[in-house]
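Reviewing the structure listed below.
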Amino acid sequence: MKRFHLCGMGNAIVDLFVEVPELEFERLGFERGTMRLVDFAEQQNILALFAESDPRLVSGGSVANSTIAFAQLGGKAAYIGCVGDDKYGFHYQSEFERLAIAMGNPVVVNQPTGTCAAIITPDAERTMRTCLGVAAHLSGEHVKQDRELIEQSAWLFVEGYLLSNNEPGQEAVREAVAIAKVGGTKVALTCSDAFIVHVFGAALHETLAQTDLFFCNASEACAVANAPDAATAFEKMKTIVPNVVVTDGPDGAYIRWHGEEFHVPAFPCTPKDLTGAGDMFAGAFLYGVTHGLAADAAARAANFLAMRVITQVGARLHTGVVADWKSAVAG
């Protein structure tokens, strides 16, 4: 019997949420809805602009959000990622401790924790400026130090963004997958962004060849499968990976699980912050299938929680997660 149901691995980022009016956003000159990587100095300048707004701090990163959702639902979870020895790193560790998520040895001294300035506009779009900081230093050596977290987990869930960290990140993914394969731990992978396919396609496909379950949205699926739409991409994906989830926003999600295929509709809503639905879906779906729920029921409940996420600001829910899950499962 393994100690954990899930071990997530990804870029450990502290999100700083700030809601701004339209005129203030226009003055920034940022392209709406984009995510851009910036260096430490530029990020400090951006954060200084919003210092008086008292941004809300939330520990995150794509797979971290999924892992948190998994733990909130009652799953036993671990996480591998790097943080610095600064106030953001302390916040990250403290929050994971409160959530009872095992983190191993995440701290790298004299390095800044990764941060994401998440700027929310009245149209519910989130424009992000991210400084990876020490998160980009996650390497094979870090993974080896925390290999027990993988060995003691039923599933390893890998963040595709790690592949964009060039050799350190790709080495970390290779090492983690190798440990998982030896220890009988199943591997799940999230694409993270279509640019991973376009720029780091070779590393992605290398990982996919050893992946048991792949999460992607419609644009990512089309890029991976070289297809014109989500339904066609989903069909072509059966030759690439055995189990796959393709989320398609308001058009629901396509699921292939142990040879069965189905589509689950989305729950209509008025969104407030469009980011985070995919992270929630992945964490909730993994919780469902690791706790005896049929994959179609897990997908419907995951869609419900994803809807709940985008009707509030932030990539995860802070209250009512278990109650919402139970309600969705009961149907």
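The values are calculated or read from the model by the stated rules, or taken from the named source; none is laboratory data. Fair warning: this is a prediction, and the values are worked out from it, not measured in the lab. Note: ideal-geometry Cβ built from the backbone for every residue, glycine included; neighbour counts use all protein chains shown.
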(message) Given the options Ala124, Ala118, Ala100, name the one that is surrounded by fewer than 19 Cβ atoms within 10 Å (Cβ to Cβ) and either within 26 Å of Phe50 (Cβ to Cβ) or touching a Pro at 6+ places or on another chain (Cβ under 6 Å) (or both).
(response) Ala124
(message) I need a count of the residues in the stretch 168-204 that are over 24 Å from Ala154 (Cβ atoms) and without any contact (Cβ under 8 Å) to a residue 24 or more places away in the chain.
(response) 2
(request) Scan Val173, Val245 and give me the residue that is hydrophobic (A, V, I, L, M, F, W, C), within 28 Å of Lys2 (Cα to Cα), in a strand (DSSP E or B) and within 17 Å of the chain's Cα centre (by Cα). (result) Val245
(message) So in the stretch 160-216, with the set limited to residues that are at pLDDT below 95 and of a type in the set (S, T, N, Q), which one is farthest from Thr290 (Cα to Cα)?
(response) Asn166
(message) Every residue in the stretch 212-242 that is in a helix (DSSP H, G or I) and either touching a Pro at 6+ places or on another chain (Cβ under 8 Å) or touching a residue at least 60 places away in the same chain (Cβ under 8 Å) (or both), please.
(response) Cys222
(message) With the condition being hydrophobic (A, V, I, L, M, F, W, C) and touching an Asp or Glu at 6+ places or on another chain (Cβ under 6 Å), I'd like the helices (runs of 4 or more DSSP H) fully within the stretch 31-126 carrying at least 1 qualifying residues.
(response) 62-72
(message) I'd like to know if the stretch 210-229 contains one or more residues that are of a type in the set (A, V, I, L, M, F, W, C) and surrounded by fewer than 17 Cβ atoms within 10 Å (Cβ to Cβ).
(response) no
(request) Please specify each residue of the stretch 39-62 satisfying the condition of being closer than 21 Å to Arg316 by Cβ and in contact with a Cys (Cβ under 8 Å, 6 or more places away or on another chain). (result) Gly60
(message) Considering only residues that are basic (Lys, Arg) and either at pLDDT below 95 or touching an Asp or Glu at 6+ places or on another chain (Cβ under 6 Å) (or both), which ones fall in the stretch 241-299?
(response) Lys272
